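Here's a structure for you.
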Amino acid sequence: MKEFMLIFRHEDGARVASPEQIQVWMKQTMDWLGGIAAQNRLVSQGNGLSFGDSRVVRHGNIVTNGPFGEIKETIGGYVIVQAESVEEAVEFAKGSPVLQGEGNSVEVRPIAGH
Amino acid sequence: MEHQALIPHLFRTEAGRITAVLCRNFGLEHIGAAEDITSETFMAALETWPYKGIPENPAAWLHAVAKNKARNYLARHQRFTGKVAPRLREDGASTIPETEIDLSDNNITDSQLQMLFAICHPAIPVEAQIALALRILCGFGIGEIAHAFLVSPDTISKRLTRAKEKLRTAKDLPVFPSGQEINNRLDAVLLTLYLLFNEGCYSETQDTVLREDLCLEAMRLTYLLLGNNSTNQPEVNALLALMCFHASRFPARKDRQGGIILYHDQDESRWDAALIAKGAEFLHRASTGNRVSRYHLEASIAYWHTIRTDSEEKWENILQLYNQLLTIAYSPVAALNRTFALSKTKGKPEAIKAAVKLQLTDNPYYHALLGELYVDIDNAQARKHFETAHALAGTAGDKRVLQTRLDALADQGEHAAKNSGLP
């Protein structure tokens, strides 16, 4: 069994969702995570990465307010799962509600050292 | 109460108190002596009461006798450390100070708490912690503990001896831990109490009185934790809430023959409303701070089960709670129950897909769940899973329940065959 990080990439991280929409997403995310956890394959539910109060430090110590605007995709969070193969990890990733957003993606990366 | 019934009753309530107080006085390395004095005290009662009559205040009588015996023990011990030991050691100082044995309510409570924290030492395996708690704090006999765990008395004796040896040699004991150390040890204490309670709920012994006693002792000890400021913490309240909700159904889960009645077939009017209200109160008190423990989640799930009527809201809440529970603490039971909740919110076909992924093929409850999910969708599959579950089931009670499910399927099959005109 190997560990894979599923990294959520959002096309437009700055877009503000309504509280109702957030609630629906939360529920969908928990249904998805609960399904993985029920198979005892969830290693870490990770941390959500907030878009508020974020900065990007660039070459030459130039600090900008958040990654938005100049970079198209931003990272919204990650979880770590256990899977027999990258294919199986991809099957887990396919259920993520993040993928409902058209420009969004989930990056599947094996964790080095496992 | 006649002395034949009174002494076992008193033993259950007083033995743990006396032993805990004596251990606090003597130090945990003398746990054997403390237990001996407790049993000698009860022996004295057995010998005296039948002839002289039961004293007016039996508990006070026991306390007085125990105090005397403890003083004698300390005096003997002091003679040894005072006269014999100096010849063996150079410094010659007596290490045992004169102590007063304090059997006041406050000291009993403190001693029992200390004992509970001492028992839940990381060096002692969890199953031994439970046995120790039952033996030392709840006054259970070796035979009773063996009966509850379905192992031989010999196994329990060995388990206890090894655990006590660990306690005797562990040097950082038995002071009541403070501050951060309470938090570190509290997790183990709560797990022990939780498992003790579960043992009572799901023990394979047929002895229902014994099973309920295990649960009540777990509740008593948890309640003890709430009486102390440093251990009156949200997750302790949550654990007691969980226990209250489950215990509220005890009267309803037995039929006249002592068989188990499943949740869905229980007479709701026999659920204990007062205990449910108590549970709600503890759960309310648990809702402070910012840590959601597994006990919070399990108590909330148990709360929703005290509402009999099915609703979308009920099952959606239960599903979300299981989702959360599984992300912090996986267990096969939680995985199976989550899948059942999924069938209530998203329908059986969706739940079957999720159930198959659980891969708990050695678990009888996995097949029982799949059996339930396949009923009316694919009865041949349902029968197959119920049969597998029946073969894997570990208890006669479970086998009986599964047999009724198989019989119901067979009746249904016959009925369908008749209606379709087939023989």
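The values are calculated or read from the model by the stated rules, or taken from the named source; none is laboratory data. None of the values given here were measured: they were computed from a predicted structure. Every residue, glycine as well, gets a Cβ built from its backbone with ideal geometry; the counts of neighbours run over all protein chains shown. To get the accessible areas, we keep the full protein, side chains included, count just its heavy atoms, and leave off ligands, DNA and RNA. Shrake-Rupley method; radii C 1.70, N 1.55, O 1.52, S 1.80 Å.
Taking trypsin sites (Lys or Arg not before Pro) as exposed when DSSP calls them loop (any state but H, G, I, E, B) and at most 14 other Cβ atoms lie within 10 Å, what is the longest stretch of chain A free of them, the sites themselves excluded? Could the numbers behind the result be given before it?
Details: sites that count: A:Arg15, A:Arg55, A:Lys72.
The longest uninterrupted stretch comes out as A:73-114.
Students often forget the sequence filter, so: which lysines lie under 21 Å Cα-Cα from B:Lys166 once same-chain residues fewer than 8 apart are removed?
Excluding near neighbours in sequence, the set is B:Lys158.
In deg cm²/dmol, rounded to 500, what helix-only [θ] at 222 nm does chain B give when every DSSP H run of at least 4 residues adds -39500 (n - 2.57) and the total is split over its residues?
Numbers: 19 runs with 293 residues, N = 423.
Result for chain B: -23000 deg cm²/dmol, rounded to the nearest 500.
Aspartates and glutamates near B:Lys254 by alpha-carbon distance under 16 Å, same-chain residues fewer than 8 away left out - which ones?
Those aspartates and glutamates meeting the cut-off are B:Glu204, B:Asp207, B:Glu212, B:Asp213, B:Asp265, B:Asp267, B:Glu268, B:Asp272, B:Asp398.
With label points built 7 Å along Cα→Cβ from the Cα atoms of B:Tyr223 and B:Ala277, find their separation and express it in nm.
1.6 nm
Run through the DSSP bridge list for the protein assembly as shown and note the antiparallel percent, rounded to the nearest 5.
100 percent
Follow-up question, since we're still on this one. What residues in the stretch B:317-338 lose 30 Å² or more of accessible surface when the other protein chains are added to their chain alone (1.4 Å probe)?
The answer is B:Gln320, B:Asn323, B:Leu326, B:Thr327, B:Tyr330, B:Arg338 - residues whose exposure falls by at least 30 Å² when every protein chain is included.
Cβ under 14 Å from A:Met1's Cβ, A:Met1 left aside: what net charge do those residues give with Lys, Arg +1 and Asp, Glu -1?
For residues surrounding A:Met1, the net value is -2.
Expressed as a whole number of Å, what is the distance separating the alpha-carbon centroids of the stretch B:233-267 and the stretch A:10-62?
Measuring centre to centre over Cα atoms gives 38 Å.
What is the gain in length, in nm to one decimal, between B:Glu313 and B:Arg291 on full extension, counting 0.36 nm per residue of separation less the C-alpha to C-alpha distance?
Numbers: separation 22, 0.36 × 22 = 7.92 nm, distance 2.43 nm.
Extra length from B:Glu313 to B:Arg291 when fully extended: 5.5 nm.
While we're looking at this one, here's another question. Tell me, what is the FRET efficiency for B:Val356 and B:Arg162 to the nearest 0.05, using R0 = 51 angstrom and their Cβ-Cβ distance as r? Provide the component values of the computation, followed by the final result.
Working: r = 42 Å, r/R0 = 0.83.
Computed FRET efficiency for B:Val356 and B:Arg162 comes out at 0.75.
B plus A alone minus the pair: what accessible area, both sides summed, probe 1.4 Å, in Å² to 100? Display every interim value, and only then the final one.
Numbers: alone 21510 and 7540 Å², together 27970 Å².
Heavy-atom accessible area buried at this interface is about 1100 Å².
Here's something else I'd like to know. Which order do B:His9, B:His305 take by accessible area at a 1.4 Å probe, largest first? Numbers along the way, then the final one.
Numbers: B:His9 90, B:His305 35 Å².
Largest accessible area first, the residues go B:His9, B:His305.
Which ³J(HN,Hα) values in Hz, rounded to whole numbers, follow from the phi angles of the stretch B:49-56 under the Karplus curve 6.51 cos²θ - 1.76 cosθ + 1.60, where θ = phi - 60° and Gly and Pro get x?
Listing the rounded values in order: 4, x, 9, 8, x, 6, x, 4 Hz.
For the stretch B:353-405, which whole-number percentage of the solvent-accessible area (1.4 Å probe, protein heavy atoms only) is attributable to carbon and sulfur atoms?
On the way: 1540 of 2820 Å².
Carbon-and-sulfur percentage of accessible area, whole number: 55.
The stretch B:1-71 to the stretch B:326-348: how many Å between their Cα centroids?
Comparing the Cα centres of the stretch B:1-71 and the stretch B:326-348, I get a distance of 48 Å.
On a 31 Å Cα-Cα criterion, which of the cross-link pairs B:Lys278/B:Lys384; B:Lys353/B:Lys399; B:Lys164/B:Lys278; B:Lys278/B:Lys357 come out too long?
Values: B:Lys278/B:Lys384 43 Å; B:Lys353/B:Lys399 26 Å; B:Lys164/B:Lys278 36 Å; B:Lys278/B:Lys357 38 Å.
In this structure, B:Lys278/B:Lys384; B:Lys164/B:Lys278; B:Lys278/B:Lys357 exceed 31 Å between Cα atoms.
Within straight cross-link reach of A:Lys27, meaning Cα distance under 17 Å, which aspartates and glutamates are found once same-chain residues fewer than 8 apart are removed?
A:Lys27 reaches B:Glu312, B:Glu313, B:Glu316, B:Glu350.
What share of all Cα pairs of chain B, in percent, falls into each consecutive 20 Å distance bin?
Percent of Cα pairs in each bin: 22, 49, 23, 6, 0, 0.
List the trypsin sites (Lys or Arg not before Pro) within the stretch B:242-323 that fall in a DSSP loop (any state other than H, G, I, E or B) and whose Cβ has at most 11 other Cβ atoms within 10 Å. Write down the numbers at each step before the final one.
Details: sites: B:Arg249, B:Arg253, B:Lys254, B:Arg256, B:Arg270, B:Lys278, B:Arg285, B:Arg291, B:Arg294, B:Arg308, B:Lys314; in loops: B:Arg249, B:Arg253, B:Arg256, B:Arg291, B:Arg308.
Sites meeting the loop and neighbour criteria: B:Arg256, B:Arg291, B:Arg308.
Does anyone have the angle between helix B:312-328 and the longest principal axis of chain B? Alpha-carbon axes, 0 to 90°, nearest 10?
Helix B:312-328 sits at roughly 50 degrees to that axis.
For a Förster distance of 22 Å, can you work out the FRET efficiency between the beta-carbons of A:Val90 and B:Asn379, rounded to the nearest 0.05? Spell out each step's value before the answer.
Details: r = 35 Å, r/R0 = 1.61.
E(calc), rounded to 0.05, equals 0.05.
Let me ask another. With θ set to phi - 60° and the Karplus curve 6.51 cos²θ - 1.76 cosθ + 1.60, what are the ³J(HN,Hα) couplings of the stretch B:340-354 in order, to the nearest whole Hz, using x for Gly and Pro?
Coupling constants for the stretch B:340-354: 5, 4, 4, 5, 7, 9, 10, x, 5, x, 4, 5, 4, 4, 5 Hz.
While we're here: Taking a temperature of 10 °C and a viscosity of 1.306 mPa s, what whole-number D in µm²/s does Stokes-Einstein yield for the protein assembly as shown with Rh from Kirkwood over alpha carbon pairs?
Numbers: Rh = 27.4 Å.
Stokes-Einstein gives a translational diffusion coefficient of 58 µm²/s.
Shifting gears a bit: Relative contact order (percent) for chain B, with alpha-carbon contacts under 8 angstrom and 6 or more residues of separation? It would help to have the intermediate numbers written out before the result.
Working: 466 pairs, mean separation 41.2, N = 423.
So the answer I get is 10 percent.
Here is a further query. To the nearest 10 square angstrom, how much accessible area does B:Asp105 have with a 1.4 angstrom probe?
Roughly 120 Å² of B:Asp105 is accessible to a 1.4 Å probe.
Could you order B:Ser39, B:Ser111, B:Ser300 by accessible surface area, starting with the largest, using a probe radius of 1.4 Å?
Numbers: B:Ser39 55, B:Ser111 0, B:Ser300 30 Å².
The most accessible residue leads, giving B:Ser39, B:Ser300, B:Ser111.
Most mobile of B:Pro125, B:Pro153, B:Pro50 per a Gaussian network model of chain B (Cα springs, under 10 Å)?
Top of the fluctuation ranking is B:Pro50.
Determine the order of B:Met43, B:Met115, A:Met30, A:Met5 by accessible area, beginning with the largest, at a probe radius of 1.4 Å.
Numbers: B:Met43 100, B:Met115 5, A:Met30 30, A:Met5 55 Å².
The most accessible residue leads, giving B:Met43, A:Met5, A:Met30, B:Met115.
Sum up the charges of everything whose Cβ sits under 12 Å from the Cβ of B:Glu312, counting Lys and Arg as +1 and Asp and Glu as -1, but leave B:Glu312 out.
0
Report B:Phe11's accessible area, 1.4 Å probe, all protein chains in place, as a number in Å² to the nearest 10.
Counting only protein heavy atoms, B:Phe11 exposes about 50 Å² to solvent.
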